[in-house]
Amino acid sequence: MGAGSTTRILGIDPGSQRTGVGIVDVDAAGRTTHVFHAAVNLLDNENFSQRLKQLFDELRDIVLAHRPHEVAIERVFMARNADSALKLGQARGAAICAVVAHGLFVAEYSAKEIKQSVVGGGGAEKRQVQHMVGMLLNIERKLQADAADALAVALTHAHARASAQRLRVVVPLAGRARGSASSWRSFR
């Protein structure tokens, strides 16, 4: 993005039953503007593959409708239940595939990094994240938790981009082999 342009960031909070989606625009001065948010409620049936297809299709439609430039997603945390962790990982994979199919850059952030970025503490509670996201994006009504988390992911990426730009850092692109000519992105 050139000087004076806006970067649109899609944030994703993956889930096997509900996936949060949030989109923000970031201008050259680093100001963020709310564009869109939703919670994608996945089919409640025994055929998990149909849920993954629904997630893929709905994210594809959101990408086509809103045309983000970059995507950020929450990393999988280690769950107590192995089956839940596996399903979460599969939902996350479907989400990543849906956006990468459109040639989009995908950054990953841990829950602790997201909370630290938005609230100021890595141990923040969900309601604190919801409140701060609303404050930062000037959203007056209470946000649904998954949508607020997705907007927090997008805001975290916006903050990381701004820091990288200030420091003139070159960061690796996700999903490409390190060292190849096209595997690095400069935020200058």
Practice item. Could you tell me what percent of the DSSP beta bridges with both partners in the chain are antiparallel, to the nearest 5? Key: 70 percent
Check your understanding: With each pseudo-label sitting 7 Å past Cα toward Cβ, what's the Leu86-His102 distance in nm, one decimal?
Key -> 3.1 nm
Practice item. Report, by chain and number, residues whose modeled amide H sits under 5 Å from the one on Glu108, excluding near sequence neighbours (fewer than 5 apart, same chain). Key: Ile73
Review point. Separation of segment 93-152 and segment 1-73 by C-alpha centroid, Å?
Key: 10 Å
Point to revise | Test item: Cα-centred dipole of segment 7-186, Lys/Arg +1 and Asp/Glu -1 on Cβ, debye | key: 520 debye
Exercise for review: Report the extension gain between Thr6 and Arg127 in nm, rounded to one decimal, defined as 0.36 nm multiplied by the number of residues separating them, less their alpha carbon distance.
Suggested key: 40.6 nm
Exercise for review: Kindly put Val35, Val26, Val71 in sequence by how many other C-beta atoms sit within 10 Å of each C-beta, fewest to most.
Suggested key: Val35, Val26, Val71
Check your understanding: Say the dipole of segment 1-118 comes from +1 at the beta carbon of Lys and Arg and -1 at that of Asp and Glu; which of Gln54, His34, Ser117 then lies farthest toward its positive end?
Key -> Ser117
Review point. Order of Leu86, Leu104, Leu155 from fewest to most other C-beta atoms within 10 Å?
Key: Leu86, Leu104, Leu155
Review point. Restricting to lysine pairs 8 or more places apart or on different chains, what number in the chain have Cα atoms under 20 Å apart?
Key: 5
Exercise for review: Could you tell me whether segment 81-133 comes out rounded, prolate or oblate from its Cα gyration tensor? Rule is a ≥ b ≥ c as square roots of the eigenvalues, rounded for a/c under 1.5, then prolate if a/b exceeds b/c, otherwise oblate.
Suggested key: oblate
**Study point:** Ascending count of other beta-carbon atoms within 10 Å, so fewest first, for Asp57, Asp83
**Key:** Asp83, Asp57
Review point. Quick one: which of 58-65, 127-134 comes out on top by average Cβ neighbours within 10 Å, and what's the full order, highest first?
Key: 127-134, 58-65
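None of the figures in this text is laboratory data; all of them are computed from the coordinates on show. The model shown is predicted, which means the values in this text are computed figures rather than measured ones. Cβ: placed from backbone, ideal geometry, glycine included. Neighbour counts: every protein chain shown.
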